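Note sheet for the following structure.
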Amino acid sequence: MKKALLFGFATLFSFQLMAQVSLEHTYNYSATVVKFETLGYKYYLMDVPRAECRIYNMDHSLYKTISCPVPSGCYVFDIKFLSEKTFDSDAGIELLYSWYKYYAGSDYYDYDSRIINEDGTEIAQIDGALYNYINKTGEDNYHLFSYCYDLSVFPEIIWTKIYSLPGQPLQAVLMEENQENNFLNAFPNPGTSTVKVEYKLPDQVYSGELHLIDSKGTAISQFKIDAHSDHLLLNVSALQSGVYYYFIEYKNMRTAAKKLIVN
C-alpha cells in the first residue's frame with residue numbers, strides 16, 4: 001500500500017512537472033474577453049478593415065458578428081463596453097465604438113463615438129468623443145464619461161459629455177476604467193511626431209514611471225515622471241507605424257494600458 005501511494009505521488013509530481021503553457025488559439029486581430037450578464041464569458045475582437053466586432057464562444061467558435069459602420073474615409077479606433085443591460089433593458093447585446101478620420105493636408109484627426117444595438121440600431125451618437133469611460137458616481141450609480149476633442153483649432157477644444165445609464169455596468173467593464181485616482185490621456189492619437197501624454201498621479205504619490213511598449217509587449221521606452229508636472233512629451237517620429245501601449249507604474253501599482261497609434 002505504501003509503495004502504491006508513493007508511486008501515485010511520483011506519477012502526479014511527474015505530470016505536474018510536464019504541464020506547461022500551450023497555445024490554444026490565435027486570432028488575427030486584438031482580442032479580449034467579456035462576461036455577459038446572461039451569456040457568460042465570450043471572446044471578442046475588433047476587425048478594423050471590415051469595421052466589425054466579432055464575438056466568439058469559449059471554444060473559439062463564432063457566436064455573433066456586429067457591424068460597426070463608419071463614414072467613408074474613417075477607421076474604427078476602439079470597441080468596448082459589450083453588455084446586455086448597460087445601455088438599455090432589452091435582451092440584445094449593445095456596445096460602444098469610436099472611429100477616426102485623418103486630414104492629411106491639415107495634419108489633424110476627427111473622432112466620433114456611437115452606441116449601438118447588435119442589430120445596428122443606434123442608441124446614441126457622441127460627436128467628437130475619443131475616450132469613453134464608465135465611472136462610479138455613487139453607491140450603486142454609474143455614468144458614462146465621453147471626452148470630446150476638436151483638434152482642427154489651436155489650442156484644441158476639449159469638452160466632456162456625461163450620460164446616465166439605465167443599467168448597472170458589468171464589473172469587467174469597470175476593471176479597466178477605474179479612473180477614481182488616475183488620469184492618463186495622449187493626443188494627438190494617432191500621432192506622427194510629438195504626442196502629449198497627460199497624467200495625474202494619485203494623492204500621496206509623488207513619482208512613477210511611464211512605459212511605452214509595442215503590440216507584442218516589448219518595452220520601447222520608459223520615462224521618469226513626478227507630481228510636479230501633469231504631462232510628458234513623447235517623440236514618436238522614429239517609431240514604426242503601428243499600435244503601441246502606454247501605462248504608468250508607481251508603488252508596485254500599474255495603471256491600465258492605453259492604446260497609442262503611430263502613423
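Laboratory data are not the source of any read-out in this text; all were calculated from the coordinates shown. Bear in mind that the values here come from a model prediction, so they are computed numbers and not experimental data. Note that we place each Cβ from the backbone using ideal geometry, even for glycine, and neighbour counts take in every protein chain shown.
For I123, nonlocal amide neighbours, meaning residues 5 or more places apart or on other chains whose placed amide H falls under 5 Å from its own, are I115, I116, N117. Full extension of the segment from S241 to E24, taken as 0.36 nm per residue of separation minus the current Cα-Cα distance, would add 75.2 nm. Here the Karplus relation 6.51 cos²θ - 1.76 cosθ + 1.60, evaluated at θ = phi - 60°, turns the backbone of the stretch 120-125 into coupling constants of x, 5, 8, 9, 7, 10 Hz, with x for every Gly and Pro. Over all other residues within a Cβ to Cβ distance under 11 Å of G92, the charged ones net out to -4, with Lys and Arg as +1 and Asp and Glu as -1.
In a fully extended conformation the segment linking D90 and D226 would gain 44.3 nm over its present Cα-Cα distance, using 0.36 nm per residue. For the stretch 206-213, putting each phi into the Karplus relation 6.51 cos²θ - 1.76 cosθ + 1.60 with θ = phi - 60° gives couplings of 10, 7, x, 10, 9, 10, 10, 10 Hz, in residue order, rounded to whole numbers and with x for Gly and Pro. The phi torsions of the stretch 38-47, fed into the Karplus equation with coefficients 6.51, -1.76 and 1.60 and a -60° offset, translate into couplings of 10, 7, x, 6, 9, 7, 8, 9, 10, 9 Hz, rounded to whole numbers, with Gly and Pro shown as x. Once the mean of 1/r is taken over each pair of separate Cα atoms and inverted, the stretch 65-152 shows a Kirkwood hydrodynamic radius of 13.9 Å.
For A186, nonlocal amide neighbours, meaning residues 5 or more places apart or on other chains whose placed amide H falls under 5 Å from its own, are E198.
The length gained by stretching the chain between K64 and L39 to full extension, at 0.36 nm per residue less their Cα-Cα distance, is 7.8 nm. Working ranking of peptides 134-146, 24-36 by packing, defined as the average number of other Cβ atoms within 10 Å per residue, highest first, is 134-146, 24-36.
One quarter of the convex hull surface built on the alpha carbon atoms of the stretch 24-178 amounts to 10.2 nm², the projected area averaged over directions.
Inter-part distance, the stretch 208-238 to the stretch 118-161, computed on C-alpha centroids, equals 25 Å. Solvent-free Debye calculation, one equal scatterer per alpha-carbon of the stretch 181-263: log10 I(q)/I(0) at 0.26 Å⁻¹ equals -1.37.
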